[in-house]
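Everything on this sheet refers to the single structure shown next.
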Amino acid sequence: MKKLIYAFLSLALLVPAVASAKTPLEKARAKAHKEKLKEYKKEGWKPLGSTTLDVVLLEHYDKLNKLGENGHEVEGISTRTKSINTGKQMAINNAVVTYGQEAGSTLQGRVVSDMSANGVDTSAEFENFFAAYERLVEKEIRGEMQPSFTIMKDNGDGSYEIRTYFIVEENSAQKARLRALEEAMKNSEIAAEHADKISGFVRQGFDE
């Protein structure tokens, strides 16, 4: 009986340790939190709102950890503006464009590599398709980007630099990219001919 009790006690002590064990991704983000906090303080960044840099970063990485591999961080930047509100909006627009460009270049790289290897001409019409897809991703992803926090820095000349960080859930982002793909394919016969393969590339997201 005593052995059974000791076994239960050992298990009870082990469970919290197992539950608190961090994944490699969580460890990397904990390290990123410390590095970013040090970097932002050194460079004079301040969060918009009444909280602190430490808190906004802790909350940001906590959201990312809860999403795991399903969480994708996007940064938007406005380098020089005299209006904080205008700068924030410019940073949001920059984040949307950045995501669209990343999605477009990732898809283009995969398609060109695959199609070229199979002797398919990826010039002219495909170039128009990639450009259309990128613009449509920007349109579709805007509603899926959840603002996490915004920081600002005084440039010392009456202007500010603004950075806004977003968290995109990959499950929702994939649907947005597929909607953009479907629309882009309407005006591209060559892309439509390879729809299944291209859709597969889009579903992969930004994974290598």
Sorting check: for 137-148, 38-49, which peptide has the highest mean count of neighbouring beta carbons within 10 Å, and how do the rest follow? 137-148, 38-49
Compute the relative contact order of the chain as a whole-number percentage, counting only Cα pairs closer than 8 Å that sit 6 or more residues apart in sequence. 24 percent
Among 180, 24, 74, which residue has its Cα furthest toward the positive end of the charge dipole of the chain, with +1 on Lys/Arg Cβ and -1 on Asp/Glu Cβ? 24
Helix 24-43 against the longest principal axis of the chain: what's the angle in degrees, Cα atoms only, rounded to the nearest 10? 80 degrees
Once the in-chain neighbours fewer than 8 apart are removed, the lysines whose Cα is under 22 Å from residue 46 read 31, 34, 36, 38, 63, 82, 88, 153
May I ask you to give the solvent-accessible area per residue for segment 90-195, in square angstrom, as obtained with a 1.4 angstrom probe? 47 Å²
Share of carbon and sulfur in the accessible heavy-atom surface of segment 63-208 [1.4 Å probe, %]: 44 percent
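The values are calculated or read from the model by the stated rules, or taken from the named source; none is laboratory data. The shown structure was predicted, so the numbers you read here are calculated from the model rather than taken from an experiment. Ideal geometry is used to build each Cβ from the backbone, glycine not excepted, and the neighbour counts take in all protein chains shown. Please note that ligands, DNA and RNA were not included when accessible areas were found on the heavy atoms of the full protein model with its side chains. Shrake-Rupley method; radii C 1.70, N 1.55, O 1.52, S 1.80 Å.
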